[in-house]
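Colleague: Right, I'll just put the structure down here and ask away after.
The values are calculated or read from the model by the stated rules, or taken from the named source; none is laboratory data. Everything numeric in this text was worked out from a predicted model, so none of it was measured. All Cβ positions, even for glycine, are placed from backbone atoms using ideal geometry, and neighbour counts span all protein chains on display. All accessible areas refer to the heavy atoms of the entire protein, side chains included, with ligands and DNA or RNA removed. Shrake-Rupley method; radii C 1.70, N 1.55, O 1.52, S 1.80 Å.
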Amino acid sequence: KCGACGPGYATPLDAMKGKYGPREEILYLPCIYRNTGIEKPDYLATVDVDPKSPHYCQVIHRLPMPNLKDELHHSGWNACSSCFGDATKRRNRLILPSLISSRIYVVDVGTDLRAPRIHKIVEPVELFWKGNVANPHTSHCLGSGEIVISCLGDPSGNGKGGFILLDGETFEVKGNWEKGEKVPSMGYDFWYQPRHNVLMSTEWGTPKILAGGFDPADLEKGHYGRHINVWDWNSHTYIQSIDLGKNSIPLEIRFLHNPDAAEGFVGCALSSAVHRFYKTEKGDWAAEKVIEVPSKKVRGWLLPDMPGLITDILISLDDRFLYFSNWLHGDIRQYNITNTRKPKLVGQVFLGGSITKGGPVTVVEDQELQCQPEPFVIKGKKMPGGPQMIQLSLDGKRLYVTSSLYSSWDKQFYPDLIKEGSLLLQIDVDTERGGLKVNKNFLVDFGKEPDGPVLAHEIRYPGGDSTSDIWM
């Protein structure tokens, strides 16, 4: 154990080797009731994932929010490995922004890890007045102890890629992180790499357009994103945009974990491509497409071409493997990225999706598969929806998966998911050669929750993970 250190781990490899703690025993997941027809507040679920526990694969605690229709989505920490050297800091508050209500819940997980409680609520009006932003999405803690949260829009529901800054002790809104007049027209996810003086953000779409579901006509109207936006870390100014193609919709962005690395990857939902972004010899930033999932020609679906829809991506802590989910096609993929310019597919598993045999969709042309995959069934339960949010254990050996994307899109693309609730699954990972295999003994069925089926989304561990911790 590290005596006089702060939260997290000294290096990504220390985290991977379990140097300061045991394997994950509990997970936190936001559970969403918006758009399900059930008039209950969203809640934070605590799930026991310790195989030695009598409550293995059970929800052991639920923390309901005091409001309806928040649409909890992603979460982050008050402190992570970016504060490792500061013994005054503790990873004891989970930051829970609400995508639709624009509320931010600060949850106390330090008093009782297994029974979180609400510590503070930041009301939407604080974001509106002090930052002229709304629809908060990704939160990361900074080495300074502050918390920065990316936003999708302004208080009127228009797109705006700004950030809000919270005080790390009081959780008061301090104002915007960004400085200067220039801001991108859209926002979504972000990651920072101080050694290269950079923060990178991505673009989803216009919040008031997204709120009701996906209409292909909105693509032509320019309501969906296409850029990686580059910010100067020290001056907090917007300095460059990298165009990834019309309607590519770049979502999750991940630098390599090595803090010296000047490269990373971004997953584009609609173009179903992964781009590697990198620092050029000139000192600016560029991107190149390194993976592309071909669309399938189909009948019985919204459009004649079905994209894979890459929704979540992550990188193992040793920077050896990249994982992503194709929410519509229904597969999760593992790539060896030892050569970052030429990722190599080494693992793939199908979990539900829209092209399974016996469903309403017929695939008429497929560049990858010989036949449509079988429906995915685990412990007698057929999986509704497709694989979406993913989280890797620190040692890289277990990949956790949930199936809900965003309640409005869930309702549109997977009506059964709304009726039956989402699932939490676990995939065993071969970390030597690569390879993915579903753990058939692991299932948390959120269709069986006390207040009715619910949409479980992003996954966090109390000790940090590969998508929340950043090394300075």
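Colleague: Beyond a 29 Å Cα-Cα separation, which of these cross-linked pairs lie in this structure: 279/397; 40/208; 246/282?
Modeller: 279/397
Colleague: I've got another one for you. Over the chain, what is the mean sequence separation of C-alpha contacts under 8 Å (at least six apart), divided by residue count, expressed as relative contact order in percent?
Modeller: On the way: 1356 pairs, mean separation 62.8, N = 472.
With pairs under 8 Å counted, the relative contact order is 13 percent.
Colleague: What distance in nm lies between label points placed 7 Å from Cα along the C-beta direction at residue 146 and residue 382?
Modeller: For the pair residue 146/residue 382, the computed spacing is 5.2 nm.
Colleague: May I ask you to give the percent of accessible area on the chain that is carbon plus sulfur, with a probe radius of 1.4 Å?
Modeller: After summing per-atom areas, the C and S share lands at 49 percent.
Colleague: Just read off the accessible area of residue 126 with the full protein assembly in place, 1.4 Å probe, to the nearest 10 Å².
Modeller: 50
Colleague: Another question, then. Amide H of residue 296 versus every other amide H placed in the peptide plane: which residues, excluding those fewer than 5 positions away on the same chain, fall under 5 Å?
Modeller: Placed amide hydrogens put 306 under 5 Å from residue 296.
Colleague: Now for a different question. Which of rounded, prolate or oblate describes segment 12-456 when judged by the alpha-carbon gyration tensor and an a/c cut-off of 1.5?
Modeller: Judged from the Cα gyration tensor, segment 12-456 comes out rounded (a/c under 1.5).
Colleague: By its C-alpha gyration tensor, with a ≥ b ≥ c as the square roots of the eigenvalues, how is segment 204-347 shaped: rounded for a/c under 1.5, else prolate for a/b larger than b/c, else oblate?
Modeller: Numbers: a/c = 2.22, a/b = 1.26, b/c = 1.77.
Verdict is oblate for segment 204-347.
Colleague: With the cut-off at 1.5 for a/c, could you classify segment 316-472 from its C-alpha gyration tensor as rounded, prolate or oblate?
Modeller: Oblate is the answer for segment 316-472, as a/c is 1.5 or above yet b/c matches or exceeds a/b.
Colleague: How much FRET efficiency would the formula 1/(1 + (r/R0)^6) give for residue 284 and residue 219, where r is the Cβ-Cβ distance and R0 is 30 Å, rounded to 0.05?
Modeller: Values: r = 29 Å, r/R0 = 0.95.
Efficiency computed from Cβ-Cβ geometry: 0.60.
Colleague: Here is a further query. Sort the following peptides by mean Cβ neighbour count (other Cβ atoms within 10 Å, averaged over residues), highest first: 285-294, 348-357. Kindly include the intermediate steps, with their values, before the conclusion.
Modeller: Numbers: 285-294: 16.9, 348-357: 21.9.
Output ranking for 285-294, 348-357: 348-357, 285-294.
Colleague: Right, something else. Distance from the Cα centre of segment 318-339 to that of segment 95-151, in angstrom?
Modeller: After rounding, the separation between the Cα centres reads 29 Å.
Colleague: Let me ask something else. What accessible area per residue comes out for the chain, rounded to a whole number of Å², with a 1.4 Å probe?
Modeller: Value for the chain: 36 Å² per residue.
Colleague: Under 20 Å between alpha carbons, and skipping anything fewer than 8 positions from residue 179 in its own chain: which lysines qualify?
Modeller: 130, 160
Colleague: In whole angstrom, note down how far apart the Cα centers of segment 384-425 and segment 428-472 are.
Modeller: When both Cα centres are located, 9 Å separates them.
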